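Before any comments, here is the structure.
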Amino acid sequence: MPLIENFTPEQYLNKGKIWDISSAPNGIVYMAADKGLLEYDGKTWKCFKGSSGFTRSLFISNDSLIYTGSDLDFGVWKRNKFQRFDYTSLYPFQKDIKEINEEFWNVVQVKDNILFISFSNIYLYKKGQLTKIPAPFRFTDSFVANDSVYFADEKEGLFVLSNLTLKQVFSYSTQNKFEIKGCYNHNKDRILVTKNSGLIYYSNGILKPVNNQLSEKLAAAKVFCFKQLNSQQLAFGTVLKGLFITDLEGNIIHHINKKKGIPNNTILSLFYSNKGKLWLGLDQGLSNIDLQNDYTFIYDYMGDFGSGYTACIKDNIFYLGTNQGLYQTNWENLSNNAEFYNFQLIPGTEGQVWSLKEVDKTLLIGHDKGLFTLNGNALQKISNEPGFWSITTYKNEFLISGNYNGICIFKKNNNSWSFVKKMDFILGSCNQVIIEKDNVLWVAIPNFGIIRAILDKNLVPKERHIIPETAFEGDIAYLSKNENAISLITSKFEYRYNDSQKRFVKITERELPSNLNGIVKHINQSVAINLEYKFHKIFNGFALQFLGNEKRDTIDKSQLIFRQLLGFNNDSSTQFFANSTLPYHQNNVKIDWLVPNQGDVFYQFKTDPNKSWTAPSSNNTFEILNLKPGKHTVFAKAIVAGKPTNVKEISFIIEAPWYRTKYMFILYLIGLVAIIYFLNHRKKAILKRQENVLLLKKEKALKEQEEQHNREVLVLEQEMFKNELELLKQQLKSKTIELANKAKDNEDKKHLLLTIKEKFEGFPIDSPQTKIKLGEIKRLLDAHLNVEDHTFEIQIDELHQEFFKKLKDNFPSLSTHDLRLCAYLKIGMNSKEIAELLNIQPSSAFVSRSRLRKKLNIAVDEDINTFLNRI
């Protein structure tokens, strides 16, 4: 069986059955599924939803333009800048869909016309115009053969489209009615592929069944789809028995069914890509069969033999060592046309068979229970040592075999092998033993490393050189011997032993595939079983690698294509397209490049045309972090099967942060001008304010000077006023004293006159004349005595602003003496001065003051002078 890759519905997003498959020129595979248009690039599945009905058929015009037919609709898909497809319906009866029931099961191109084909009609689409061609009765199928489009009608037979009209090829007879699925040419005859009637010849208007085994099997299996793979091979997808691949003569090359690895036996669609891969749309699931691969696979889905560990061909018998035992079958029984494999377990070999080797026409079997020989069907045990991993001959006389615990040495005696000894100094599970040159021994021990030793004549290892497992990158896979040197292949790199340097040297910087074609490279190495085939272990069976140089009929047009540009940060990610502008906050990018649906591909990238490429890697995503603002270009190339593709490039722009955009720079310029203007204005304002401050200071100084001057003037004036007041007080006092003296004089005069009067009253009257004269004198004296002199009060009141009037108004009980005493006190005279003025004792003056205080109701603690000055 060729290499099969199966996909479950979950893998292709549970989009239902797949009715049609095709690929774009760039290698991406597209599928018409129940729930939309599926896209698969070899790594990622995508689904695009268009019409509401099931998608039944498709035609790919180019990488970005796809036409599809579905239930009650057909239309066109166009790729947008985000690498996704947008759908536009072309079906003209969307408004009247309730009255129409059309399913479009095929889409083909004829010259410039796109044909959408249903059971009832053909719609020709050209430059936006639709032309409708009705079916003669009802189409059962349509297909392309020899660059012509054929239509099988349910009643009228086979038609071909010629000049955009239907031309009948042949009609059905009453006895020959069959459902045609396709046709192909063979020996100038046309052979029709039918659903239920097998193969039918058509030549010169004559129809007759093909009588061979293939036709019978196809009739029984019910053909659902047909595809001519190339000029020599045909593929038939059936309802009941899976896939048949044949040559034009009817010989079955492959019969692939559920027992051989595909998910089920009902095949709904077939597509053969230019990479040599046959795609199968199944009732539930999808399969991809690599017909051009050098590897063929025998899977054990029925549990017949288990996982293969080793193999050998002896006398045209294929011996298979597995985890269950040693099996045998004829080499021819492994033919891919067999419906199942017939392996027979050799009795007594139950268990794990690690190695097989033919020595002198005897088959040696390395078993987990010991070492056996097999001659014909005779099994003989020659060692009970457990677990023989590896067997090799040494000088045609000895067997050196690695087992679970060291190395055993056997010697041939009389056509039989006998145990000699365990090899010294080498212990552990020796799963590989290789003899290089004459006496150089190589031993591989898992989880330890590699041992290189020189065997002496007694088979004792000398000059042992241990190379630890840590010296190699990746898991140790196996040692291999070629003509020139010993090589070691890990899961990542290949190394070659350099004898002069005494070490393994990495011979390639390119990573190796970790699990090429599903082959297990671990403790069981591959084995060449003959000149044409090499045996490999797989997880569920085994594989055979073809070693010849078979000519390929595929055209490998591997293209490196851009798939996605993603800008991201810690919080979010956004998809962009080529030449787009990414915001600065997403200045980390991931760019996906891919060679679609191609294995063994390694990718290299660089961001500068003058710099070196990155190391080749199977990772198709290039990640760049913390990019600076500006335009960036990323270059990419792929290495496919050791050959580089053309260099591709993609450019994009990282937008400057918001604070570095041109609008912000304009704003910054405006702000700078505003700042300059503001600073200039502020400077002027400060100068103006300083000027005003200086003016204010000057004014204040002038005002202070003026106030100082005024204060000085006021002080001078106050001094003058004070002096004047003192002068006035002195004058007032003098005046008052003067008035008091005058009043005293008046009192003295009045007293004198009173005294004279009294004297005259006591003077004896002698005569009337004297009496008269005395009476006159008395009257004169009375006239002077009775006259009230208010001069003092008048002058005091004039000096003290009606002082006496206020005193009399407030204190009417005051006598004239009291009034005078108040006047004396008001002008500041003390008791002594008052006593001298009134000619009395100072004590009398003090008593008078006390009496006056009582009359004026003056408090004890209040000064009488202060009280009088307030009046």
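The values are calculated or read from the model by the stated rules, or taken from the named source; none is laboratory data. What you are looking at is a predicted structure, and each value in this text was computed from that prediction instead of being measured. Virtual Cβ from ideal backbone geometry, glycine too; neighbours counted across all protein chains shown. Side chains included, ligands, DNA and RNA excluded: accessible areas come from the protein's heavy atoms. Shrake-Rupley method; radii C 1.70, N 1.55, O 1.52, S 1.80 Å.
Give me the extension gain from F721 to T88: residue separation times 0.36 nm, minus the current Cα-Cα distance, reported in nm with one decimal. Walk me through the numbers on the way to the answer.
Details: separation 633, 0.36 × 633 = 227.88 nm, distance 11.52 nm.
Contour length minus Cα-Cα distance gives 216.4 nm.
Within 10 Å of each candidate Cβ there may be at most 16 other Cβ atoms; applying that plus a DSSP loop requirement, which trypsin sites (Lys or Arg not before Pro) in the range 587-631 survive?
Qualifying residues, ordered by number: K611.
Output needed: percent of Cα pairs per 10 Å distance bin for the range 674-737, bins running from 0 to the one holding the longest distance.
Per 10 Å bin, starting at zero, the Cα-Cα P(r) for the range 674-737 comes out as 20, 19, 17, 14, 11, 9, 6, 4, 1 percent.
Can you give the Kirkwood hydrodynamic radius for the chain, in Å, rounded to one decimal and based on Cα pairs?
Values: mean 1/r = 0.0253 Å⁻¹.
Kirkwood hydrodynamic radius for the chain: 39.6 Å.
Using a Cα-Cα cut-off of under 21 Å, which lysines could be cross-linked to K771, ignoring same-chain neighbours fewer than 8 residues away?
K757, K759
With a 1.4 Å probe and all protein chains kept in place, how much accessible area does M720 have, in Å² rounded to the nearest 10?
100
Give the residue list of GluC sites (Glu not before Pro) in the range 1-87 that are DSSP loop and have at most 14 other beta-carbon atoms within 10 angstrom. Provide the component values of the computation, followed by the final result.
Working: sites: E5, E10, E39; in loops: E10.
Sites meeting the loop and neighbour criteria: E10.
Excluding residues fewer than 8 places away in the same chain, name every one of the lysines whose C-alpha is closer than 23 Å to that of K422.
Partners within reach: K357, K369, K381, K395, K411, K412, K437, K457, K462.
When each pair of different Cα atoms in the range 1-111 is counted once in the 1/r mean, what is the Kirkwood radius in angstroms, to one decimal? Don't skip to the answer; put the middle values down first.
Values: mean 1/r = 0.0688 Å⁻¹.
It is 14.5 Å.
What are the extents of the Cα atoms of the range 159-208 along their three principal axes, in Å, largest first?
So the three principal-axis extents are 31, 28, 19 Å.
When the Kirkwood hydrodynamic radius is evaluated over all pairs of different C-alpha atoms of the range 174-235, what value in angstrom, to one decimal, is obtained? Please list the in-between numbers first.
Working: mean 1/r = 0.0844 Å⁻¹.
Evaluated over the range 174-235, this radius sits at 11.9 Å.
Which value results when the Cα radius of gyration for the range 294-359 is divided by 2.2 N^0.38 Å?
On the way: Rg = 11.5 Å, N = 66, 2.2 N^0.38 = 10.8 Å.
That works out to 1.06 for the range 294-359.
For the range 570-603 and the range 806-871, compute the distance between their C-alpha centroids and round to whole Å.
One Cα centre to the other: 119 Å.
Taking the highest mean first, how do the peptides 215-221, 674-680, 286-292 order by number of other beta carbon atoms within 10 angstrom per residue?
My ranking of the peptides, most packed first, is 286-292, 215-221, 674-680.
Can you give the convex hull volume of the alpha carbon atoms of the range 537-630 per residue, in Å³?
Working: hull volume 18.9 nm³, N = 94.
Per-residue hull volume (Cα only) is 201 Å³.
Wrap a convex hull around the Cα atoms of the range 261-324, take a quarter of its surface area, and give that in square nanometres.
Projected area, direction-averaged: 6.0 nm².
Run the helix sum for the chain: -39,500 (n - 2.57) per DSSP H stretch of 4+ residues, divided by residue count, reported at 222 nm to the nearest 500 deg cm²/dmol.
Details: 9 runs with 184 residues, N = 871.
Calculated from helices alone, the mean residue ellipticity at 222 nm is -7500 deg cm²/dmol.
Sort 383-389, 693-699 by packing, meaning the average of other beta carbons within 10 Å per residue, with the highest value first.
Values: 383-389: 18.1, 693-699: 11.1.
Result, highest mean Cβ count within 10 Å first: 383-389, 693-699.
Quick one, can you get me the convex hull of the C-alpha atoms of the range 303-438 expressed as volume per residue in Å³?
Numbers: hull volume 15.6 nm³, N = 136.
Dividing the Cα hull volume of the range 303-438 by its residues yields 115 Å³.
Contact order normalised by length for the chain, with contacts defined as Cα pairs under 8 Å and 6 or more residues apart; what percent is it? If you can, show how the numbers build up before the last one.
On the way: 1728 pairs, mean separation 51.8, N = 871.
Value for the chain: 6 percent.
Suppose accessible area is computed on protein heavy atoms with a 1.4 Å probe; arrange V505, V640, V860, V647 from highest to lowest.
On the way: V505 45, V640 10, V860 140, V647 80 Å².
Of V505, V640, V860, V647, the descending order of accessible area is V860, V647, V505, V640.
Report the percentage of all Cα-Cα pairs in the range 210-348 whose separation exceeds 27 Å, rounded to a whole percent. List each step's numbers first, then the result.
Working: 2612 of 9591 pairs.
Beyond 27 Å sits 27 percent of the P(r) for the range 210-348.
What does the accessible area of Y301 come to, in Å² to the nearest 10, when a probe of 1.4 Å is used?
Approximately 100 Å² for this residue.
Using a cut-off of 9 Å between beta-carbons, work out the net charge of the residues near I591 (Lys and Arg +1, Asp and Glu -1, I591 not included). Before the final figure, lay out the partial values.
On the way: positive: R563, K590; negative: D592, E623.
Net charge around I591: 0.
Return the lysines within reach of K832: Cα separation strictly under 19 angstrom, same-chain partners fewer than 8 residues apart disregarded; answer none if there are no such residues.
Here the lysines satisfying the reach criterion relative to K832 are K729, K733, K735, K742, K744.
Given the C-alpha atoms of the range 59-190, compute the convex hull and give its volume per residue in Å³.
Working: hull volume 17.3 nm³, N = 132.
Spelled out: Cα convex hull of the range 59-190, divided by residues, is 131 Å³.
Just subtract the alpha-carbon distance of K462 and L687 from 0.36 nm times their residue separation and send over the number in nm, one decimal.
Extra length from K462 to L687 when fully extended: 70.9 nm.
Strictly over 29 Å apart at the Cα level, which of K15/K78; K188/K217; K492/K534; K722/K806; K111/K222 would you flag in this model? List each step's numbers first, then the result.
Working: K15/K78 21 Å; K188/K217 24 Å; K492/K534 22 Å; K722/K806 26 Å; K111/K222 33 Å.
Among K15/K78; K188/K217; K492/K534; K722/K806; K111/K222, the Cα-Cα distance tops 29 Å for K111/K222.
List the extent of the Cα atoms of the range 561-607 along each of their three principal axes, largest first, rounded to whole Å.
Taking max minus min along each principal axis of the Cα atoms, the range 561-607 gives 36, 22, 20 Å.
How long is the gain from Q708 to K111 if the chain were fully straight, where each residue apart is worth 0.36 nm and the alpha carbon distance is subtracted?
Numbers: separation 597, 0.36 × 597 = 214.92 nm, distance 11.62 nm.
Extra length available between Q708 and K111 comes to 203.3 nm.
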